[in-house]
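Take a look at the structure set out below.
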Amino acid sequence: MSQTSTTHATDTGAPDAVAAAAASVAAEHVAGSPPATIAKPRVILVGANGFGAVHLRNLERLRDSVELVALADPHRGPADGFGSEVPLHPSLDDALRATEAAGIRADIVIVATPIGTHADLAETAMRAGADVYVEKPPVASMADFERVLRVQEETGRAVQVGFQSLGSHALDAIAAHGAVWSVAAHATWLRDRAYWGRSPWAGKRVVDGRPMIDGVATNPLAHAVATALRIAGARRREDVASVEVELYRANDIEADDTTSLRVRLASGEVVSAALTLCAAEQHDPELSVRTDAGELTFWYTRDELAGADPVPDAVDGAAASGSAASVTHGRTDLFENLLAHRATGRPLLSSLVDAGAYMEVLEAIRTHEEPVAIDPAFITWQGEGDAAHPVVDDVGWWVQRTAAAGALFSEMHVPWAIEAPAGRQEPVVVKAPAGAASAAPIAIWNDGTTVTPTSSPRQFLHPIMTPAGVVVSDAHPRDHDWHLGLSLGLQHVDGLNFWGGRTYLRGAGYQWLDDHGRVEAREVVIGDGSLRTTCDWVGPDAATRLRERFEVRFEALPSPGTSGALGGPGASGLVAFALSFELANVTERVISLGSPGSNGRSGGGYGGLSWRLPAAAEVRVRTDAASGEAACHGSVAPWIAWSAAFADGTATVALAGADEVTRADPWFVRVADYPGIGSALAWDAEVVLQPGEFVARSFRGLIADGALADDRVAELLRP
């Protein structure tokens, strides 16, 4: 059975009573509040230890505004200081009975207890006439969420959920940048054995038959998910179309400590997250936000926002600090917001009903199969005793890359992840040379269905490997998520973007537009060392503009004339390939194919066949007549070659036009900004296709271990 699950929000729609509750709560709680003449609302704190101690400190800070009248904790309360003089009771029921007997009405109950107890305690508090501040996550199941919403409708009480980051004034600053296209959250924290031994429910999914769901995305890093959803505009259950999750664990626990997830909103945006508690070092969680105005980065733990012209903080007159590139915003305390809501009707910043979108994620995690145990071969333990904690190999790298790609770990081919169940991941196998014992996979074909919409989903080959296993492609890199291995894409097709990312407009530069198309595979034939596909280029309106026919054939060859390192001895193998594509206009009107270069960006003629390479050192890019990025970029030459020391070893890749038309296209080259080469179909002028007309290109290519000598490249690529 697949270890990746997809949950569609409509599968578990709330009953009519819950919908009514949502409508009722939408008006916000005013009726039932205590008279304005009561200066100090009276508070019962349930859970005096753990995070309850944080609430005690906050109540002490607000002691002139509220009165703490009781504590409820089955273990202990504070030995001295604030709260030590307040009556301590073993349960909320006992505290309510005692305060009532003393003629005291509790106005607010703060719930800071194990996740699985939240629903019952919130219901008890509301039925006793109190408003509720409940720690995150609000409850441990969708059934509990629906139940608590019904009780809220019946009682008219207010419920604030403790997603403290939703009080950040940076959220308004982000909104001021215009429409949000996508949000990607990644976080690398570490938790030791002492953390998982802190309580009987720590790291559990179920305790005594009740859901607890104490995993990375539902407790320590729940804020990352909730904040990303809020930024994307997802508040309620109906805002979520589907949720996909993959759960992993390195610790000996029931719950997940390393998770990737993807949420597709009803409005089309994608929210992704990749989170771990198994990092070598802890870093602040980071949210990458794509907006109309550009890309922003938000660190919610410190309310810092960086990106295109950050908007100064103007909420409640609070001052912001920071440079032109980064602004630290203020934050409204959520308990104070609840007090203001009771006194004046000010909207709650983190109401229960607005936790519905997050609850869709929690429910997908709760109903998912047990987390996959990561192979110990990929885990290193650091520290000793209770301070020991696992470190998953390269987890920080994979977490960042996976979130940015809007992907799941399996889709990124993470070594310790499961095989990807979504999308088609088919190995393209090279023919073995005569006498070889076996034929090894040279590339993986991906149909692109899991690519985030703003990266223009399309088919691509990645990873591409030399015979010795050196990876010579990259996909979803942090700098350009829409760079997809070896693929075909164009930024301007009939006014639509089939390349991904921002669109370059003449006179306006790069802009985020709602213009991204997708390439849908209609026919796929994978043979012995070959791949043939037919695809449709489909716009946001579901109309097809182009029909693509793509074919590539690989063949392994003997490999004399190589060196195993740049200047060193030995080499393992060489693969040659023939690649061709055709793009046909299937509309009844003229269609133009263009690039940023054809729209006025000097030297920006990328588009057509593109090969994103992985990070490398000692790069030597050259043609038959030039060497180096500046000399090769924009040049017209029979072939182009790239030799470098990649992470897995030294290798060479090369391309050549296989016909006169293809050889007339300039080469696009990047080394300093990022590693990549391509053949520019529309370098500085559009290609115009009449109805039924097509454009075609054909190439020969090389993938070799070691550094191929120039004369060897020319020999192998010669027509």
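The values are calculated or read from the model by the stated rules, or taken from the named source; none is laboratory data. The model shown is predicted, which means the values in this text are computed figures rather than measured ones. Cβ sites come from the backbone with ideal geometry, for glycine too, and all protein chains shown count toward neighbours.
What the table below lists for this structure:
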item: In the range 625-651, the residues that are more than 21 Å from TRP683 (Cβ to Cβ) and not in a strand (DSSP E or B); result: ALA647, ASP648
item: So ARG545, is it at pLDDT 95 or above and surrounded by fewer than 18 Cβ atoms within 10 Å (Cβ to Cβ); result: no
item: GLU555 being in the same structural domain as LEU681 (by the TED database), over 22 Å from PHE646 (Cα atoms) and modelled with pLDDT under 95; result: yes
item: Checklist (1) buried (at least 20 other Cβ atoms within 10 Å of the Cβ); (2) at pLDDT 95 or above; (3) more than 22 Å from VAL134 (Cα to Cα) applied to ALA194, failing item; result: (1)
item: Selection count, the range 388-409, where residues are farther than 14 Å from GLU286 by Cβ, outside any loop (DSSP other than H, G, I, E, B) and modelled with pLDDT under 90; result: 0
item: Selection within the range 697-712 - on the phi < 0 side of the Ramachandran plot and touching a strand residue (DSSP E or B) at 6+ places or on another chain (Cβ under 8 Å); result: ARG697, SER698, PHE699, ARG700, GLY701, LEU702, ILE703, ALA704, ASP705, ALA707, LEU708, ASP710
item: From the options ALA617, ALA647, residue that is assigned by the TED database to the domain that holds ARG458 and either within 24 Å of ARG545 (Cβ to Cβ) or modelled with pLDDT under 95 (or both); result: ALA647
item: Listing of strands (runs of 3 or more DSSP E) fully contained in the range 63-148 that carry 2 or more residues being surrounded by fewer than 21 Cβ atoms within 10 Å (Cβ to Cβ) and in contact with a Ser or Thr (Cβ under 8 Å, 6 or more places away or on another chain); result: none
item: Residue that is closer than 18 Å to ALA279 by Cα and basic (Lys, Arg), where the choices are ARG236, ARG230, ARG210, ARG193; result: ARG193
item: Count of the range 513-539 residues which are of a type outside the set (Lys, Arg) and under 13 Å from SER456 (Cβ atoms); result: 11
item: Selection count, the range 37-61, where residues are over 21 Å from LYS136 (Cα atoms), assigned to a loop (DSSP other than H, G, I, E, B) and not hydroxyl-bearing (Ser, Thr, Tyr); result: 4
item: Criterion (within 30 Å of ASP292 (Cα to Cα), in contact (Cβ under 8 Å) with a residue 24 or more places away in the chain and of a type in the set (A, V, I, L, M)) met by exactly one of LEU171, LEU121; result: LEU171
item: Breaking point among (1) in contact with a strand residue (DSSP E or B) (Cβ under 6 Å, 6 or more places away or on another chain); (2) surrounded by fewer than 22 Cβ atoms within 10 Å (Cβ to Cβ), for GLN491; result: (2)
item: Residue list for the range 652-667, restricted to those being assigned to a strand (DSSP E or B) and either farther than 18 Å from GLU715 by Cβ or modelled with pLDDT under 95 (or both); result: TRP667
item: Candidate set: the range 415-455, residues that are of a type in the set (S, T, N, Q) and in a strand (DSSP E or B); chosen: the one modelled with the highest pLDDT; result: ASN446
item: Residue identified as in a strand (DSSP E or B) and either surrounded by fewer than 20 Cβ atoms within 10 Å (Cβ to Cβ) or at pLDDT 95 or above (or both) among GLY678, GLY692; result: GLY678
item: Residue among ARG478, ARG458 that is in a loop (DSSP other than H, G, I, E, B) and buried (at least 22 other Cβ atoms within 10 Å of the Cβ); result: ARG458
item: Residue in the range 344-357 that is crowded, with 20+ Cβ neighbours inside 10 Å, at pLDDT 95 or above and within 30 Å of GLY501 (Cβ to Cβ) present; result: yes
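Results for (1) within 30 Å of the chain's Cα centre (by Cα); (2) over 26 Å from ARG366 (Cβ atoms); (3) of a type in the set (Asp, Glu), shown as yes or no for each residue.
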| site | (1), (2), (3) |
| --- | --- |
| GLY77 | no, yes, no |
| ASP93 | no, yes, yes |
| ALA106 | no, yes, no |
| ALA125 | no, no, no |
| ASP131 | no, yes, yes |
| GLU135 | yes, no, yes |
| SER141 | yes, no, no |
